[in-house]
Amino acid sequence: MMAGVLCACTGMLFSCKTKKAPDQPVRHLAQAGWRGSAGIYADRLPNRAVLKEEAVDSGRTAFYCLRIGLYDSTIATGAAEQTARDKYYQLDMYKDWVLLCGGDSLAPVFYQPVPSREKQLTEQVMVYEIPKGANPVSLVYKDPYGLLGNQHVLNLNEK
């Protein structure tokens, strides 16, 4: 009797199929690439997530914070190449991002690497100082490794 109940329960377990929700593509403020082995994206962060904001601000500039990610699935051929990439991602990558705003090209005034969630994904928070009331148009990445070409432009379509 117990064996019959066990077989019936086992049969019901194997006959039940759970449907997995289809993977939804992650939407970013701006993204490019992803066709091959690399992609980049940018997402807007509220200033208070990165900076300590004071209640009164009488300046003519404001801060604009972005979380920028670069996905690189290529494999380094040696330890020296991997070390050079890691150094670039942690210490030098911020120099290759320029924000286009009001006819000016702006370099970040602050950056902070974000701890990796995935092996091939490198993320950084970058803070730009822009004129108050201005809306940045594009973010330009000069790619020294040529993963996405020599230069790539992300159009920032904030609504």
Sorted by chain and number, the residues with a modelled amide H under 5 Å from that of LEU45, at a separation of 5 or more or across chains, are CYS65, LEU66, ARG67
Pairs of lysines in segment 72-159 (C-alpha under 19 Å apart; 8 or more residues apart or interchain):
5
Neighbour counts of other C-beta atoms within 10 Å: give me GLU53, GLU123 arranged from fewest to most.
GLU53, GLU123
Can you tell me the dipole magnitude for segment 88-141 around its Cα centre, using point charges on the Cβ only (Lys, Arg +1; Asp, Glu -1), in Debye to the nearest 20?
100 debye
For LEU100 and THR83, calculate 0.36 nm times their separation in residues minus their Cα-Cα distance, and state this gained length in nm to one decimal.
3.0 nm
List every residue whose amide H lies under 5 Å from the amide H of THR61, counting only residues 5 or more places away in sequence or on a different chain, with H placed 1.01 Å from N in the peptide plane.
LYS132
Approximate spin-label separation LYS52-ASP92, in nm, with each point projected 7 Å along Cα-to-Cβ:
3.4 nm
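Just so you know, all these numbers are worked out from the coordinates, no wet-lab data involved. Note that the coordinates shown come from a computational prediction; the quantities given were computed from them, not determined experimentally. Cβ: placed from backbone, ideal geometry, glycine included. Neighbour counts: every protein chain shown.
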